[in-house]
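Peer 1: Just dropping this structure here.
The values are calculated or read from the model by the stated rules, or taken from the named source; none is laboratory data. Please read all numbers here as calculations on a predicted model, not as lab measurements. Using ideal geometry, Cβ is built from the backbone for each residue, glycine included, and neighbour counts are taken over all protein chains shown. The accessibility values were calculated without ligands, DNA or RNA, using every heavy atom of the protein model including side chains. Shrake-Rupley method; radii C 1.70, N 1.55, O 1.52, S 1.80 Å.
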Amino acid sequence: MPNREAGKADVLQGTLDLMVLQTVAGLGPMHGYAIAARLEQISGGAFRLNMGTLYPGLMRLEQRAWIRAAWGVTDNNRQARFYSITAAGRRQLASEKAGWERLTSIMHALLHGDG
């Protein structure tokens, strides 16, 4: 793996939206840095999102009305935009989770010779 740290995972194309939606659906409003930190924590350090990847994704989700942003104050007493999931975002999350479940089931069967 040239120019990459061994053991670090890439975010698969299209999965960032799912990860962000699930994170804010489960934990409530969060600012971007907290979302990135949570994804790193839950992945055991395998995912390290830089802000150049995360913030365009947040803007895309906001433009699609799947999340909304509101200014708030962080634990460090700094102003930040806090992102929360919308009703449309919850519907999208359910759809994406169902699609992901189908895909992982197919891949499991393919890789392990089930069926």
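Peer 1: Go through the range 58-74 residue by residue and tally those that are over 12 Å from Val24 (Cβ atoms), surrounded by 10 or more Cβ atoms within 10 Å (Cβ to Cβ) and within 18 Å of the chain's Cα centre (by Cα).
Peer 2: Residues in the range 58-74 being over 12 Å from Val24 (Cβ atoms), surrounded by 10 or more Cβ atoms within 10 Å (Cβ to Cβ) and within 18 Å of the chain's Cα centre (by Cα): 4 in total.
Peer 1: Return a yes/no flag: does the range 75-90 have any residue that is surrounded by fewer than 17 Cβ atoms within 10 Å (Cβ to Cβ), free of Cβ contacts under 8 Å to residues at least 40 places away in the same chain and part of a strand (DSSP E or B).
Peer 2: Within the range 75-90 (the criterion being surrounded by fewer than 17 Cβ atoms within 10 Å (Cβ to Cβ), free of Cβ contacts under 8 Å to residues at least 40 places away in the same chain and part of a strand (DSSP E or B)), the answer is yes, since at least one residue qualifies.
Peer 1: Taking Ile42, is it β-branched (Val, Ile, Thr) and surrounded by 15 or more Cβ atoms within 10 Å (Cβ to Cβ)?
Peer 2: Criteria not met by Ile42.
Peer 1: Within the range 16-40, work out how many residues are small (Gly, Ala, Ser), over 9 Å from Leu54 (Cβ atoms) and assigned to a helix (DSSP H, G or I).
Peer 2: 4
Peer 1: Picking from Ala34, Ala25, which residue would you name as being touching a residue at least 60 places away in the same chain (Cβ under 8 Å) and of a type in the set (Gly, Ala, Ser)?
Peer 2: Exactly one of Ala34, Ala25 is touching a residue at least 60 places away in the same chain (Cβ under 8 Å) and of a type in the set (Gly, Ala, Ser), namely Ala25.
Peer 1: Among the residues of the range 91-115, write down those that are in contact (Cβ under 8 Å) with a residue 24 or more places away in the chain, open to solvent by less than 70 Å² (accessible area, probe 1.4 Å) and not charged (D, E, K, R).
Peer 2: Gln92, Leu93
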